[in-house]
Structure formats: structure tokens, C-alpha cells
1. In whole Hz, what ³J(HN,Hα) sequence does the range 95-100 give by Karplus (6.51, -1.76, 1.60; θ = phi - 60°), x for Gly and Pro?
2. Please give the charge dipole size of the chain, origin at the Cα centre, charges +1 on K and R Cβ atoms and -1 on D and E Cβ atoms. Round to the nearest 20 debye.
3. Using the C-alpha gyration tensor of the range 3-165, what are the square roots of 5 times its eigenvalues, in whole angstrom, with the largest one first?
4. Could you tell me which of SER42, TRP156, PRO137 has its Cα farthest along the dipole of the chain towards the positive end, charges placed at Cβ (Lys, Arg +1; Asp, Glu -1), taken about the Cα centre?
5. Give the order of SER167, SER61, SER151 when sorted by the count of other beta carbons within 10 angstrom, beginning with the fewest.
6. Along the Cα→Cβ direction, 7 angstrom out, place labels at GLU89 and ASP35. What is the inter-label distance in nm?
7. How large is ³J(HN,Hα), in whole Hz, for each residue of the range 111-122 in order, when computed from phi with the Karplus curve 6.51 cos²θ - 1.76 cosθ + 1.60 and θ = phi - 60°, using x for Gly and Pro?
8. How high is the relative contact order of the chain, in percent, counting Cα pairs under 8 Å that sit 6 or more residues apart?
Amino acid sequence: MTAEDLIISLGLKPLPWEGGYYRETWRTAAEIPQDALGDVYSGPRSAGTAIYYLLTPDTISKMHRLPSDETFHFYMGDPVEMLLLYPPEHATGIVTFGQDIASGQVVQFTVPGNVWMGARLKAGAAGYALMGTTVAPGFDFDDLEMGEGESLTAAWPDAAELIGELS
């Protein structure tokens, strides 16, 4: 299959602001009230959501963060490199998603809430990566915070080059 085949077959659409292609596949009817969530959330949230997520050679997942934990699931395609920026200690990390578990690639990884993340196909990839994410409390566009390259680079200078590529 090609990326275009997957976009059509799975009914994927461009993901606003962040990049890549997506389709929500699940949103539980169970709702968490805002007072149980705290001030980080502007209102009640679904207890959980899931999406398909596709990256292609001409798309990236721009630097962003959510207050919720987000678990990524790798399904098929080329390896994906994800940059993680951990506040407040200003540590960095890189996770590589893919099927080569023996070489350290992962098929599932949870990004904790409030950690900056951005991703792209690993260098040399020519196809696509089909992934999924599960978010709890559930995803809401009101919670999405896009990163600004200059301020992220100032806080994490050791990751400046990759921040620039993902901003």
C-alpha cells in the first residue's frame, strides 16, 4: 500500500496545526467532569480517545504538547523518530518507533502529559508510517499547545537542530 492508499482506505484527513493525517476512531461516552480534572482543562473531557495517525516524507508532527498522557502505537511502515522535551528539568529524549524491536525500536510508548513532542519519519524513509494514539483524558483541540521553535530552543539548546526541523 502507498500513503495515498491508506489516506483513502482509512478516511484520513490533514491534522490541523500539527501535521500528518488522522481520523478519530474512538471517543468513549464516559465523561470526566471539569472539577475532577483541575484547572489544566477548560471543561469536561471524554475519558479517552483514539486516532489513526499517518506521517509521510512531506509531513511532520510539529512540536506540541497536551496536558493528557498520549500512548502511541506503531502499526506499519517506516521508522519514526520522536523528540521529547521534558519540563521542568529540561531533559531531552528520542524515541524511535518501528518494528525492529531487537535494535531498540518500540511499537508502543506513552508520552506523559505536558511533555513537548514532535516526530518525523527517520532519515532515508521514502514511504510512510501508520500509527495510532490513545489519549486519556480524551483529546480536545482546546488542549493542544503548539511549540514555538525559538522559545523551545532557548530552553533545550542541545536539541536546537531537531527542534528547528520540527517547528
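Values in this text are rule-based calculations from the coordinates and carry no lab data. As the structure is a prediction and not an experimental result, all values here were calculated from the model. Cβ sites come from the backbone with ideal geometry, for glycine too, and all protein chains shown count toward neighbours.
1. Residue by residue, the range 95-100 yields 10, 10, 8, x, 8, 8 Hz.
2. It comes to approximately 400 debye.
3. Semi-axes, largest first: 24, 21, 14 Å.
4. PRO137
5. SER151, SER167, SER61
6. Output for this residue pair reads 3.6 nm.
7. So the Karplus estimates, Gly and Pro as x, are 8, x, x, 6, 9, 5, 9, x, 8, 7, 5, 4 Hz.
8. It comes to 27 percent, rounded to a whole number.
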